[in-house]
Amino acid sequence: MINGLRKTFGSFAALDGLDLEVDQSEVHGFLGPNGSGKSTTIRVLLGLLRADGGRVELLGGDPWSEAATLHRRLAYVPGDVSLWPSLTGGEVIDLLGRLRGGLDESRRAELIERFELDPSKRCSTYSKGNRQKVALVAALASDVELLLLDEPTSGLDPLMEEVFTECIDRFRGDGHAVLLSSHILAEVERLCDRVSIIRSGRTAESGTLAELRHLTRTAVAAELEAVPRDLSTLPGLHDLLVEGNRVRFDVDTDHLGEAIARLSAAGIVSLTSTPPTLEELFLRHYGERLEPGQEPA
Amino acid sequence: MSRFVGTCTLLVSFLRRDRWMLLGWIGANVAVYWSQAVGTKAIYPTQADLDRAAASMESNPAFIALAGPTRALDTIGGQVAWQSSVTGAVLAALMSMFLVTRHTRAEEESGRDELVRSSVVGRDATVAATILLVLLANGVLAASITGSLVGYGLSWTGCFALGASAGLCGLVFGAVALVSAQVVRSARAANGLTGAVIGIAYVLRAIGDVGPGALTWVSPIGWSQAVRAFAGERWWPLALLALTATALTVGAVALLHRRDYAGAPWPVRPGPARGGLHTDLGLVWRLQRASVIGWSVGLFVGGVSYGSVGDGVEDLLGDSETSRDIFLATGGGDLVDSFYGVAVVMLAMITCGFTVTSVLRMRGEEVAGHAEMVLATAVPRARWAAAHLTITAVGTVAGLLLAGLGLGLGYAAVTADSAAVFRFVPAAAQQLLSVLLVGAIAWVGYAWRSRSGVLGWVAVAFCFVVLMFAGVLQLPGWVQDLSPFHRLPMLPAEAFDLGEAVLVGASTVLLVVVGHVLMNRRDITNQ
């Protein structure tokens, strides 16, 4: 879908060789620290920004030159929903639906009820969460194949977040695709089939959550009959701590098997191994500098 | 006095944020006065030249409606006071309006004020700092006008009268803006309301000066000219201005204390739960209809007011045969027609206010993030822009034609010459070409880079300078010809020129096409 995308604002390179692919019937998580280029990417996909380099294909078309035609088949919810203060929420939902080419009436009614939205209030009186609901209802009630969601739930309360999750599940169930930019890890874990993590305008990691976990370390704590001398020479072992017969270390998940084999040879009394949490996964990608060798192919 | 805690800190931050804006407004305003002094001396080097000019100006009602009552025009000071004071008063009013709205309603609307108030800042600190800022800005303005003219060599009293009347006029309209900021919910509406008051004050003064004098006394701009700088100053109108500014400010603060934060004196009513809007054009109309209707009514009333002067302009000539001869020799043609020729141009220039604001509404939509909501649907960029430009054109045509119609009806009501409608409406229709060209300049600027939409205002300012100050600045002919208002003949006093009309119209079409190309190439951002 996106290959080597570049976008510069003046001398600042917002996107510097980004790759991203979203398949059908997939919810694709789009993650990255603030200012890493997530919104810029989505705005390029919407044809609002023009790419300076690379290849971008959206639903089989060019998002810049065929923007309006492609937009019939997608819906967008910005992170910071700004609506016309003098219009009511209901008017905005209907307007955006009609401009996109039609709205499913029964779904509109159902969504307004499930999101507990009062459509007769003026947009100037809505809170951030309620403005987001307006944009979500407008997007979810239209007949589209792709949703581009830029942190769509940052203002929703937990109940509404649950409603949102169910709606996205159903949308995927109909065979449609979602690009979901989010910082809410529980939401990503619950919804996303695959995840791309971007940093400084380029893709740092991409894959299923299981694949990404594989790239990180597992924490191991064990009590052994005797601590083997050469434990520290094991490949992929980090932060080894030995206290009497107890050992603690982190090991690259690729090398977990060897490590356990070595422990096993030393006679295991007790063993706990903790897979990396999603938080650790993200902290690693958000926080660390990328080593040149670590760049994805 | 915990209500005012933080006022000084806020004032300093305002001054820092506004420093370039203040410098621009005050510099431009001082330049208006100072260039007038230098220019008058340059064109009328001898007293005899000045006397002759004074005689022709005193007799021209069109000039009086533009600039105000003529006094002591045979002196440099009198010329400066006459030629500059209306422009100076309006510039001071606009500066004060932008300052007040920017720091009150605009901050509340955006939520920034909430952040400020959450720190150690008293309840009335924001409004106090804003009032101090406007006092300071107009004080510096008054002092700079006085200083620059004294430096040029004019009498102290006259210079002070001129500077003080401009500064106090600014304060009055600053106070009007402060009241507006309390009664409406958006900065846009607050500026609209204040702008309407400034416009009405200008028109009342214009009508009062050529017709029923009482109207002049309803307008603060009229009061500022009643000070009679350089013509036997009288000081009590200054007190009138100061009192009015104080009373309005007190009223505004009382309103502020009575209303809710970010609210207005009345609540927001709920609206329809289902949308009646079907198209992007419908949306733009909905967003701009209040503005279109407001401007149309205002322009119609302005037209009727100018028109109701009727043939009264003849009386202003008085008995002086010489001045009549001079006027007819220089201006040429019928006196009444030439007055209305200028009136049509004035109304057309006022219409530019709507046209440029309306074009730049696109920038407002883009910056607010509303544009991307629409552009993320199946609406192509070109159609989105076309919808906006269509409403701009419709509003412009309606407003200016209604102004011409009002002019004709007002004139017909006074003189029973109903055929006047058929002279004035075509005159207004012709100037549509000029106004639409100015709108097209704003469009090209916006389409190039969102920020550059300000080119539209530059064009309006340029045309205004050519209209008011071409003589005194001794602008070369080719520069004056850049203004479409100058290029097109002044109907009904002069004959229609098809060539010029086609040229102006074709330029507009060309600019619209160039803007279309630029718009389709650039990024939609929210800056």
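What the table shows:
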{"item": "Residue list for segment A:1-41, restricted to those being within 24 Å of residue A:189 (Cα to Cα) and of a type in the set (Ser, Thr, Tyr)", "result": "A:25, A:36, A:39, A:40, A:41"}
{"item": "Residue A:29 vs. criteria of a type outside the set (S, T, N, Q) and away from chain B (no Cβ under 14 Å)", "result": "yes"}
{"item": "Residue check for residue B:363: surrounded by fewer than 24 Cβ atoms within 10 Å (Cβ to Cβ), within 26 Å of residue B:450 (Cβ to Cβ) and out of contact with any Ser or Thr (no Cβ under 7 Å at 6 or more places or on another chain)", "result": "no"}
{"item": "In segment A:51-73, the residues that are in contact with a strand residue (DSSP E or B) (Cβ under 9 Å, 6 or more places away or on another chain), within 12 Å of another protein chain (Cβ to nearest Cβ) and surrounded by fewer than 20 Cβ atoms within 10 Å (Cβ to Cβ)", "result": "A:52, A:64, A:66, A:69, A:73"}
{"item": "Residues within segment B:264-291 that are more than 7 Å from chain A (Cβ to nearest Cβ), of a type in the set (A, V, I, L, M, F, W, C) and either within 12 Å of residue A:86 (Cα to Cα) or in contact (Cβ under 8 Å) with a residue 12 or more places away in the chain (or both), tallied", "result": "5"}
{"item": "All positions within segment B:221-239 that are assigned to a loop (DSSP other than H, G, I, E, B), under 17 Å from residue B:86 (Cα atoms) and not charged (D, E, K, R)", "result": "B:226, B:227, B:229, B:230, B:231"}
{"item": "Odd one out for residue A:107 among (1) among the basic types (Lys, Arg); (2) touching a helix residue (DSSP H, G or I) at 6+ places or on another chain (Cβ under 9 Å); (3) within 30 Å of residue B:184 (Cα to Cα)", "result": "(3)"}
{"item": "Residue A:88, sole failed condition from (1) of a type in the set (S, T, N, Q); (2) more than 19 Å from the chain's Cα centre (by Cα); (3) more than 30 Å from residue A:123 (Cβ to Cβ)", "result": "(3)"}
{"item": "Pick from segment B:375-396, criterion under 18 Å from residue B:293 (Cα atoms) and touching a helix residue (DSSP H, G or I) at 6+ places or on another chain (Cβ under 6 Å), ranking: farthest from the other protein chains (Cβ to nearest Cβ)", "result": "B:396"}
{"item": "Complete set of residues in segment B:410-420 that are over 19 Å from residue B:345 (Cβ atoms) and in contact (Cβ under 8 Å) with a residue 60 or more places away in the chain", "result": "B:412, B:413, B:414, B:415"}
{"item": "Helices (runs of 4 or more DSSP H) within segment A:155-269 that include 1 or more residues of a type in the set (Lys, Arg), over 30 Å from residue A:16 (Cα atoms) and assigned by TED's automatic domain parsing to the domain that holds residue A:82", "result": "A:158-173"}
{"item": "Residue that is nearest to residue A:132 (Cα to Cα), among those in segment A:35-50 that are facing another protein chain (nearest Cβ under 10 Å) and part of a loop (DSSP other than H, G, I, E, B)", "result": "A:46"}
{"item": "Verdict on residue B:20 being surrounded by 12 or more Cβ atoms within 10 Å (Cβ to Cβ) and either out of contact with any Gly (no Cβ under 8 Å at 6 or more places or on another chain) or not assigned by TED's automatic domain parsing to the domain that holds residue B:162 (or both)", "result": "no"}
{"item": "Single match in B:203, B:218 (criterion: assigned by TED's automatic domain parsing to the domain that holds residue B:97 and touching a residue at least 40 places away in the same chain (Cβ under 8 Å))", "result": "B:203"}
{"item": "Which numbered condition residue A:14 misses (of (1) at pLDDT below 90; (2) more than 24 Å from the chain's Cα centre (by Cα); (3) within 14 Å of chain B (Cβ to nearest Cβ))", "result": "(2)"}
{"item": "For residue B:144: the one exception among (1) within 23 Å of the chain's Cα centre (by Cα); (2) within 17 Å of residue B:83 (Cα to Cα); (3) of a type in the set (Gly, Ala, Ser)", "result": "(2)"}
{"item": "Filter pass, residue A:79 being without any contact (Cβ under 8 Å) to a residue 40 or more places away in the chain, among the small types (Gly, Ala, Ser), in contact with a helix residue (DSSP H, G or I) (Cβ under 7 Å, 6 or more places away or on another chain) and under 20 Å from residue A:41 (Cα atoms)", "result": "no"}
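The values are calculated or read from the model by the stated rules, or taken from the named source; none is laboratory data. Quick caveat, the model's predicted, so the values are computed rather than measured. FYI the Cβ positions are ideal-geometry reconstructions off the backbone, even for glycines, and counts take in every protein chain you see.
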